[in-house]
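Let me begin by presenting the structure, written as structure tokens, before commenting on it.
The values are calculated or read from the model by the stated rules, or taken from the named source; none is laboratory data. Quantities reported herein were computed from a predicted structural model and do not represent experimental measurements. As a convention, Cβ positions derive from the backbone with ideal geometry for all residues, glycine included, and neighbour counts pool all protein chains shown.
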């Protein structure tokens with residue numbers, strides 16, 4: 001089938017359709033073959049995997065890879081254009097070309113031994129001990145933000161609470177020194193959040209600061225992540241800067257948006273918020289349930305068939321692209337029953353996470369433990385210790401934005417405490 005024909009016959013997903021992950025994907029889940037779909041804001045169709053079992057299988061299938069250049073033969077004959085290219089082009093638009101390499105070489109885009117080699121130093125540095133040691137800092141930062149919100153009678157739970165919290169945590173983890181933190185946090189915010197008008201300047205400033213910080217830690221190591229990564233001298237300066245931007249890209253905006261959407265989910269389900277407040281022992285269940293329910297990274301990385309292969313009832317051609325719909329999988333009635341679309345803070349999960357919000361397999365999110373820690377602290381402060389959190393505007397007046405490929409997201413979340 002030609003690309004034009006695929007595009008014409010494809011399902012064009014809308015942000016509104018993505019917003020209803022049970023009914024929005026219901027037809028796609030029942031098809032015998034993986035459907036061709038065009039993600040919101042894009043033009044190139046991909047095979048979309050929506051069933052939980054198929055998504056989990058795709059993320060561990062060795063014949064589905066992320067680095068398109070490793071496909072044997074002339075992959076361009078099999079797939080002339082690519083949705084992943086569209087997303088990378090949108091992400092780097094307007095940024096200084098010589099600096100784009102620092103965040104374009106994302107771990108999510110590598111496979112096999114190369115991915116394992118690049119990930120290993122970060123995995124060794126991202127220890128359970130280091131994450132556990134951050135709890136006191138996370139609690140202190142969250143308490144300060146709650147106190148400020150209480151003094152003001154309310155806050156923007158996204159822009160004035162979740163973003164500052166996520167940014168401060170990343171600064172602490174990386175090892176940004178106290179005297180530099182306000183400025184570096186400002187650059188991070190400009191790069192990761194906002195209208196993009198200052199993203200280029202922020203990128204340059206962050207790269208130059210990262211170079212200075214790396215030089216300082218080479219001379220005088222501390223207990224931070226940069227110092228741990230320097231131990232053994234396995235990484236180049238460019239590698240280290242790339243890791244800094246990996247942490248900025250994945251450790252600020254997605255967690256901040258998740259915290260805001262998780263809070264909104266509880267505000268939309270006041271009976272569940274009241275249940276959590278009355279039974280704090282449910283917190284260890286509420287955290288994975290909200291991760292499942294929100295699944296803020298709704299669409300995973302593009303995968304490519306290394307050969308002609310049958311997968312999920314579909315004959316994939318060599319080079320054909322496949323994308324996993326994580327939000328759809330986490331609301332699959334085949335996996336979660338008739339209550340898949342319902343928020344249940346007491347939901348019991350089996351072994352493992354019980355959801356795919358952090359991915360699965362070799363690319364499982366390095367920051368998952370940190371994400372669970374921060375989520376637990378925030379839910380405790382906002383919904384266990386408080387019972388008066390409420391929207392400061394009518395629900396219908398909340399503003400949402402749309403990003404290419406990933407649907408909808410909150411722009412702000414005004415609340416009163």
Item to check | Residue under evaluation residue 195, criteria (1) buried (at least 19 other Cβ atoms within 10 Å of the Cβ); (2) not in a helix (DSSP H, G or I), criterion not met | outcome: (1)
Checklist entry - Under 9 Å by Cβ, and 6 or more places apart or on different chains, what pairs join a residue from the stretch 174-195 that is touching a residue at least 12 places away in the same chain (Cβ under 8 Å) and on the phi > 0 side of the Ramachandran plot with one that is loosely packed, with under 14 Cβ neighbours inside 10 Å and in a loop (DSSP other than H, G, I, E, B)? => result 175/222; 175/223
Checklist entry - What residue, of 345, 309, is surrounded by 22 or more Cβ atoms within 10 Å (Cβ to Cβ) and at pLDDT 95 or above? => result 345
Checklist entry - Scanning for something closer than 16 Å to residue 412 by Cα and either in contact with a helix residue (DSSP H, G or I) (Cβ under 7 Å, 6 or more places away or on another chain) or surrounded by 20 or more Cβ atoms within 10 Å (Cβ to Cβ) (or both), does the stretch 166-182 turn up at least one residue? => result yes
Next on the checklist: I'm checking my understanding of the structure. Among residues of the stretch 393-417 that are modelled with pLDDT of 95 or more, closer than 22 Å to residue 271 by Cβ and buried (at least 17 other Cβ atoms within 10 Å of the Cβ), which one is nearest to the chain's Cα centre (by Cα)?
Outcome noted: 413
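Looking at the stretch 166-177, can you tell me whether even one residue there is touching a strand residue (DSSP E or B) at 6+ places or on another chain (Cβ under 8 Å), within 15 Å of residue 377 (Cα to Cα) and either at pLDDT 85 or above or assigned to a loop (DSSP other than H, G, I, E, B) (or both)?
Residues of the stretch 166-177 touching a strand residue (DSSP E or B) at 6+ places or on another chain (Cβ under 8 Å): none.
No: the stretch 166-177 contains no residue that is touching a strand residue (DSSP E or B) at 6+ places or on another chain (Cβ under 8 Å), within 15 Å of residue 377 (Cα to Cα) and either at pLDDT 85 or above or assigned to a loop (DSSP other than H, G, I, E, B) (or both).
What residue, of 60, 43, is in a loop (DSSP other than H, G, I, E, B), touching a helix residue (DSSP H, G or I) at 6+ places or on another chain (Cβ under 8 Å), modelled with pLDDT of 85 or more and farther than 17 Å from residue 303 by Cβ?
Numbers: 60 fails: farther than 17 Å from residue 303 by Cβ.
Being in a loop (DSSP other than H, G, I, E, B), touching a helix residue (DSSP H, G or I) at 6+ places or on another chain (Cβ under 8 Å), modelled with pLDDT of 85 or more and farther than 17 Å from residue 303 by Cβ holds for just one of 60, 43, which is 43.
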Checklist entry - Which condition does residue 296 not pass, out of (1) in a loop (DSSP other than H, G, I, E, B); (2) in contact with a strand residue (DSSP E or B) (Cβ under 6 Å, 6 or more places away or on another chain), if it passes all the others? => result (2)
Checklist entry - Can you pull out the residues in the stretch 348-357 that are modelled with pLDDT under 95 and over 23 Å from residue 270 (Cα atoms)? => result 350, 351, 352, 353, 354
Checklist entry - Filtering the stretch 309-361 down to residues that are free of Cβ contacts under 8 Å to residues at least 24 places away in the same chain and in a loop (DSSP other than H, G, I, E, B), which residue is nearest to the chain's Cα centre (by Cα)? => result 352
Item to check | Members of the stretch 111-133 that are buried (at least 18 other Cβ atoms within 10 Å of the Cβ) and either modelled with pLDDT of 90 or more or touching a strand residue (DSSP E or B) at 6+ places or on another chain (Cβ under 9 Å) (or both) | outcome: 111, 131
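Within the stretch 196-209, which residues are within 15 Å of residue 243 (Cα to Cα) and without any contact (Cβ under 8 Å) to a residue 40 or more places away in the chain? Steps first, please.
Applying the first criterion (within 15 Å of residue 243 (Cα to Cα)) to the stretch 196-209 yields 203, 206-209.
Within the stretch 196-209, 208, 209 qualify.
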Next on the checklist: farther than 24 Å from residue 92 by Cα and in contact with a strand residue (DSSP E or B) (Cβ under 7 Å, 6 or more places away or on another chain): which single residue out of 260, 273 fits that description?
Outcome noted: 260
